[in-house]
Ligand code: ADP
């Protein structure tokens, strides 16, 4: 089974490539609920990472922090060599300046469980909104790129449909096209198939598989689709009660783990 490094060699990404993201001893509490208890994590260019673990273990919180939707309680998160937040010696959390935060958000695409499309816009307008209004890109270029992306996810014949006219699987494919139009360096997928009827899951996984196989961006997937993770992930992290209990290649964690907590969790999916 190829690991992250051999796969990166195949893609001609140097092994020494600096991680684009580093979490160092990141914790998060909501009140006295300690949700993350010291997360260390590096994401390299092009790497495909799956985060698995029981519900409530903190998986979503980890990726929401990268999108700056949640602040850590302590620790550092570094993106492209710059801190998003940094703990000063006095224990104070200092946030990066708005310009850097905007750059980071521009480099990261996120797809949510509940699609989060704009209901009053057509799906083409949904895809065009952020590149035009946030990145101030040329409208005609963005339109062309958006149409290509919607065609890529199989919705080229529905450009002027509104989200309410689409199935859940189609809405999720729009959400992916919308994220891809921003040309992110990292794509975050937060349980993107969990809210779908079972018969619609396959079409969404196919789009993710297509991105994983054909695009160079790094991907972090929070997922309960174990077969799928085994198939596409370079590295799998098992999170339990706010701690990364085990990590390794997809094979090491999903097939060959000796860890009892991992084994007992995976039994539910067999
Ligand atoms: P997972 O993705 O593994 O299911 P989450 O990261 O969504 O876990 O949540 C971890 C824990 O943090 C859960 O107990 C959840 O209820 C709690 N939590 C998440 N977000 C908030 C919030 N904004 N306020 C309070 N508690 C939260």
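Derivation of every value follows stated rules applied to the coordinates shown; laboratory data play no part. Note that the structure is predicted; figures quoted are calculated from it, not measured. Neighbour counts are summed over all protein chains in view; Cβ atoms, including those assigned to glycine, are modelled from backbone coordinates with ideal geometry.
Things worth noting here:
- Tensor-based shape of the range 21-62 (alpha-carbon gyration tensor, a/c under 1.5 rounded, otherwise prolate or oblate): oblate
- Counted over the range 77-169 with a bin width of 10 Å, the fraction of Cα pairs per bin, in whole percents, is 14, 36, 26, 17, 7, 1.
- Largest-first principal axis extents of the Cα set of the chain (Å): 49, 47, 42
- Alpha-carbon centroid distance for the pair the range 173-216 / the range 84-104, whole angstrom: 29 Å
- Under the simplified labelling scheme, the residue 98-residue 258 pair shows an inter-label distance of 5.4 nm, with each label point 7 Å from Cα along Cα→Cβ.
- Counted residue by residue at 0.36 nm each, then reduced by the alpha carbon distance between them, the extension gain from residue 224 to residue 148 reaches 24.4 nm.
- Panel order for 150, 159, by other beta carbons found within 10 Å of each beta carbon, from fewest to most: 159, 150.
- The length gained on full extension between residue 83 and residue 267, counted as 0.36 nm times the residue separation minus their Cα-Cα distance, comes to 62.4 nm.
- Two-decimal log10 I(q)/I(0) for the range 50-205, as the Debye equation yields it once each C-alpha is a single scatterer, q = 0.10, 0.13, 0.15, 0.17 Å⁻¹: -0.41, -0.67, -0.86, -1.03
- Relative to one another, the C-alpha centroids of the range 228-270 and the range 22-55 are positioned 15 Å apart.
- Distance between modelled label sites at residue 161 and residue 30, nm, 7 Å Cα→Cβ extension: 3.4 nm
- Expressed to the nearest 5 percent, the antiparallel share of DSSP beta bridges inside the chain is 60 percent.
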